[in-house]
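Notes to accompany the following structure.
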Amino acid sequence: MSAAVLDRVTPPERHDILSWITTTDHKRIGVLYMGTTLLFMAVAGLLAMAMRTQLAVPGATLLPPHEYNEIFTLHGTAMIFLVIAPFALGLANYLIPLQIGAPDMAFPRLNATSYWLFLFGGLIVFAGAATNEGAASAGWTSYAPLSDITISTGLGQDFWIVGLAMVSVASIMTAINFVTTAFIHRAPGMTMWRLPIFTWEMIATALLIFMAFPSLTATLLLLFVDRRLGGHVFDPAFGGSAILYQHLFWFFGHPEVYVLILPYFGIVSEVVSTFSGRPVFGYTGMVLSAFAIAGLSMGVWAHHMFTTGAVNNPFFSLVSFLIAVPTGIKFFNWICTMWGGAIRYTTPMLYALGFLMNFLLGGVTGVMVASPPLDFHAQDSYFVVAHFHYTIGGGSFFALFAALYYWWPKVYGWRLGEGLGKIGFWLTFVGFNMTFLPMFFMGVFGMPRRVFTYPATGALPALNAVATVGAYLLLLGGILFVVNVVVSARRREPAGDNPWQGYTLEWATSSPPPEHNFHELPPIRSARPLRGVEYAKAPEARPT
Amino acid sequence: MKTGLMLFVSSAVFSATIALVYWLVAHDPAGTMLLGFMSAALTVVALYMVFAERDADLYADKKKATPAEAAGEHVGTYVTHSPAPFWIGVSLTGVVLGLVVAPAAAGLGIVALFLLGALMIVRSR
């Protein structure tokens, strides 16, 4: 890459609809990805509200059992495949070239193709609801034989399969793009060990996608063969194996959990560092722990199968426990980054702190269910529902909002209101904990997951009522975010190029960045190039 | 590039080790095969990178390189718009929906992909 490339004369940017449909600019594709995931999130969130309303009191008749099954299937599928993971891919699309000083992704057309496959795949999954027998209803895991043609007879299940296959292929293509871009298209001086933590986390995520998603694509293909082409791969009556489905699915499914969380670790690292006024503590440890988590996560898939009696429980339990070590390194590094720093409690920082508190509870309860004796009690109960919502909801969801508030000024040139942002954070934080903390107790009291009602005995009615009130607070937090966007868009207060005093390369260009990203690149001599620029202007500021 | 290469080599070695340990501990063919294939896939990428790394001379890997040093005669260009990705997305949607609801739709999707291919060949000439 040359300076001439960076300074090349480009025609004025077009902003009509056709220009968005045909765009191959990584920033626009990133915005398309993130916008689409937020719309999917709104739909999946409303489905969750329907479930919580049904469960507010025992014996409610708002949702019949089959519709309830469809709704929790669509909610889980959308949140996992169409919201949390692709939002991170969208953000990385926007940020990776900016953070490494590149003009675009390595394969711009492939990048755009990934987005369209993701969008159409997601729409196909939802379109299943319009078929005669409704949407898929076998849960987001769609275990065989529950998802077999003899039990799930409707077309909705087939829509689910082919839609997710498209999303899976799109994810693999995106991962190839990320790794190639980060390896080959770095700016002069941006060595691998100077990459921002977010970019490193996305490389680890891409590696996980390489390793795990082919298994998902193959599983979906085999399920489709069983359903439509007379196969019996997962049918024990004809020599197939239902346990094989679980092996294949969870070989993808557990690494997917880390695809859902590693990017958000990167976001929290960037936010905590900026608003503590300090570099990330233990840079090398942060990078290596990401790859340790990625590697170990490939060897824990069958801890979801402890109760089948068909897997080696001690092996999977031990490897699952080991993941707590690199995760703990990250946690202590975030605390050490803040320790002694000049902390600014902005909205993104509040969401990052919310992430730390929620994810800690999700992580600790993860260690609990990684122990087979405890897991036998917690399996398929609301305890597990609470655990994974604390990791994915309380963790990734909070970091997602931290990212929105943090990088919004870079994307649009104006920032979101801090006052409404902070009120929204507290509503979300209180609402989230009111919703999901009671679920641990529901699980302990024996309430199974995926049920549309429960007995009116003991503490279950009260706990469910509290959870439903919490869910409505969460909804209010979401509405407040939309209000904040509308109000801030009307004000459009210019944010400047570097409103948060960040030190990574994306803050060196204008807000929003030009089509080719940088008019001029600063010299890159560390993982925080903008710090070097400050020292060059004021040498006396450099620590001795 | 060396760091990237090491990343894939170490991942391939790690997954091969886990596959071996898993087989010795669990004697489970399904899991061992999955881990084995994963290791093989990573090895293929690592091998490719061995050869790619020999030819690579990236200014990004030089700690004191500047954009001016990296500048050359050739001015690169980036495509900013292309109808192909959207067209591929629509065509493949036709193919997969056709597999489920109507083979005719799958046929239309395949025809659309061929048309795109032909158009791109014509334009490239």
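Read-outs: derived from the displayed coordinates by stated rules, not from any lab. Please read all numbers here as calculations on a predicted model, not as lab measurements. Methodologically, a virtual Cβ is constructed for each residue, glycine included, from the backbone with ideal geometry; neighbour enumeration extends over all protein chains shown.
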Contour excess over end-to-end distance, with Cα ends at A:Thr53 and A:Lys537 and 0.36 nm allotted per residue
168.4 nm
Quick check on the exposure proxy: order A:Arg542, B:Arg123 from fewest to most C-beta atoms within 10 angstrom.
B:Arg123, A:Arg542
Lysines whose Cα lies under 22 Å from that of A:Lys422, excluding same-chain neighbours fewer than 8 positions away:
A:Lys410
Other protein chain Cβ atoms within 10 Å, averaged over every residue that makes up A:102-113:
3
Enumerate the aspartates and glutamates that A:Lys537 could reach by cross-link, defined here as Cα to Cα under 17 Å, with residues fewer than 8 away along the same chain left out.
A:Glu520
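Taking the number of other C-beta atoms within 10 Å as the exposure measure, put A:Ile71, A:Ile172, B:Ile121 in order starting with the fewest.
B:Ile121, A:Ile172, A:Ile71
Given only helices, namely DSSP H runs of n ≥ 4 each adding -39500 (n - 2.57), what is the per-residue ellipticity at 222 nm of the protein assembly as shown, to the nearest 500 deg cm²/dmol?
-22000 deg cm²/dmol
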Among A:184-197, A:214-227, how do they line up by average Cβ neighbours within 10 Å per residue, starting with the highest?
A:184-197, A:214-227
Mind checking the mean number of beta-carbon atoms from other chains within 10 Å of the Cβ atoms in B:21-31?
5
Which order do A:Glu13, A:Glu540, A:Glu520 fall in if you start with the one that has the fewest other Cβ atoms within 10 Å?
A:Glu540, A:Glu520, A:Glu13
Enter the mean number of other protein chain beta carbons within 10 Å of the beta carbon of each residue in B:93-101, as an integer.
6
Specify the angular offset, from 0 to 90 degrees and rounded to the nearest 10, of the alpha carbon long axis of helix A:26-54 from the longest principal axis of the alpha carbons in chain A.
30 degrees
Less than 15 Å apart at the alpha-carbon level, and either on another chain or at least 8 residues along: which aspartates and glutamates does that give for B:Lys2?
B:Glu53, B:Asp55, B:Asp57, B:Asp61
Residues of region A:127-161 with backbone N under 17 Å of the label point set 7 Å from the Cα of A:Ala310 along Cα→Cβ are A:141-149
Compute the distance in nm between two label points, each set 7 Å from the Cα along the Cα-to-Cβ direction, one at A:Ala489 and one at A:Tyr345.
3.1 nm
Could you grab the relative contact order for chain B? Cα pairs under 8 Å, six or more apart, rounded to a whole percent.
18 percent
If I model a spin label at A:Thr180 and A:Val482 as a point 7 Å from the Cα along the Cα→Cβ vector, what separation in nanometres do I get?
3.9 nm
Relative contact order of region A:420-544, pairs being alpha-carbon contacts under 8 Å that are 6 or more residues apart, as %:
23 percent
Sorting check: for A:105-117, A:463-475, which peptide has the highest mean count of neighbouring beta carbons within 10 Å, and how do the rest follow?
A:105-117, A:463-475
Whole percent per 10 Å bin, from 0 to the bin with the longest distance: what is P(r) over all C-alpha pairs of region B:2-66?
22, 36, 23, 13, 6, 1
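Sorted by mean Cβ packing within 10 Å, highest first, what order do the peptides B:101-110, A:203-212 take? The partial results should precede the final answer.
Numbers: B:101-110: 14.4, A:203-212: 26.4.
Ranking the peptides B:101-110, A:203-212 by packing returns A:203-212, B:101-110.
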Can you figure out the FRET efficiency of B:Lys62 with B:Ile110, using R₀ = 41 Å and their beta-carbon distance, to the nearest 0.05?
0.30
Between A:Leu39 and B:Arg125, take the C-beta separation as r, use R0 = 35 Å, and let me know the FRET efficiency to the nearest 0.05.
0.30
Shape call for the protein assembly as shown, from the Cα gyration tensor axes a ≥ b ≥ c (a/c under 1.5 means rounded, otherwise prolate when a/b beats b/c, else oblate), comes out rounded
Contact order normalised by residue count of chain A, Cα under 8 Å, 6+ apart, percent
16 percent
Calculated FRET value between A:Phe332 and A:Asp380, using beta carbons and R₀ = 41 Å, to 0.05:
0.75
